[in-house]
Amino acid sequence: VAKPILTYFDARARADPIRLALEELGIAYEDRRIMGEWAQLKPKTPFGALPSYKDGALEIFQTHAILRHLARVHDLYGTTEAERIRCDIVEEAFADLNNLIGGALWRADFAATRGDFIELELSPRLGQLEGFLNANPEGPAFWVGSAITFVDLIALALLDCAGSIFPEAICDYDDLKNFCDGIARRPRIGAYLQSDRRPGVIMYGPEGAIVARSLKGWITPV
Ligand SMILES: N[C@@H](CCC(=O)N[C@@H](CS)C(=O)NCC(=O)O)C(=O)O
């Protein structure tokens, strides 16, 4: 049987939670990383953007459509409607965090206003997220219920990214860190995080690639 193909660029970014989900599920996949061929491929994609995921006749575009498909088919989407709603809320909240960080890095004066960004924007948001994690009635080991869901992998990817770029901001949030460490201790995730198969942390701003602080990221698997 042909392996499913994840197509993206040579970066973590939007593909990181998809790769983490495939790793957690033990699905063998081709991690296709587009380099020079993008100019030819772009017009053949519906929105001129990646990632895409192809599994036999199924071809899926849009990161969150791919993640929700994997979650529905492989039981990573909670067990009740209330849990599925909580998954969707966490998914949206991390999309907001992604936009917040991505938008800030593109500000022309970012280097000069980094401290203010952390104090006034990033830290309050991380505090809200930590509060929501702690409001899980089943405890803060997972964002939803008492078993892993796809939003745990979104959270791990985004918090790892935030921690790599802003280590001084995220170190105050012990419960977020404990959550990440717990997911990183899962055998398949831990093996992936320690492998050289995961691309480095690279974020872009007006001056190009501005962050590659830690190729391994913030989370250190134990
Ligand atoms: N909402 C889309 C956004 C996809 C997107 O913006 N992809 C970027 C990379 S992160 C891309 O393909 N950029 C290449 C280009 O625009 O030519 C998704 O999540 O899949």
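As a footprinting exposure proxy, order 125, 19 by other Cβ within 10 Å, with the fewest listed first.
Details: 125 16, 19 21.
Arranged by neighbour count, lowest to highest, 125, 19 become 125, 19.
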Mean separation of Cα contacts under 8 Å (6+ apart) over length of the chain, as relative contact order %: 22
Using unit Cβ charges (K, R positive; D, E negative) and no other charged atoms, how large, in debye to the nearest 20, is the dipole of the stretch 89-153 about its Cα centre? 120
Between residue 75 and residues 5 or more places away or on another chain, the pairs with built amide H atoms under 5 Å apart involve none
Sum up the charges of everything whose Cβ sits under 15 Å from the Cβ of residue 61, counting Lys and Arg as +1 and Asp and Glu as -1, but leave residue 61 out. +4
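At 222 nm, what value in deg cm²/dmol follows for the chain if DSSP H runs of at least 4 each add -39500 (n - 2.57) and the sum is divided by all its residues, to the nearest 500? Show your work: numbers first, answer last.
Numbers: 10 runs with 108 residues, N = 222.
My calculation for the chain gives -14500 deg cm²/dmol from helical runs alone.
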The chain, Gaussian network, Cα under 10 Å: of 57, 15, 95, the residue fluctuating most is 57
Taking a ≥ b ≥ c as the square roots of the eigenvalues of the Cα gyration tensor of the chain, is the shape rounded (a/c under 1.5), prolate (a/b larger than b/c) or oblate? oblate
For the stretch 2-129, whose charge dipole is built from +1 on Lys and Arg Cβ atoms and -1 on Asp and Glu Cβ atoms, the candidate among 100, 65, 128 with its Cα farthest towards the positive end is 65
About the Cα centre, and with charges only on the beta carbon of Lys, Arg (+1) and Asp, Glu (-1), how big is the dipole of the chain? Nearest 20 debye, please. 840
How about residue 42: which aspartates and glutamates have a C-alpha closer than 16 Å to its C-alpha, ignoring those fewer than 8 places off in the same chain? 10, 59
Out of 118, 27, 18, any idea which swings most in a Gaussian network model of the chain, alpha carbons joined below 10 Å? 27
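No value in this document is a laboratory result; all are computed from the given coordinates. Keep in mind the model is a prediction, meaning the values are calculated, not measured. All Cβ positions, glycine included, derive from the backbone under ideal geometry; neighbour counts span all protein chains shown.
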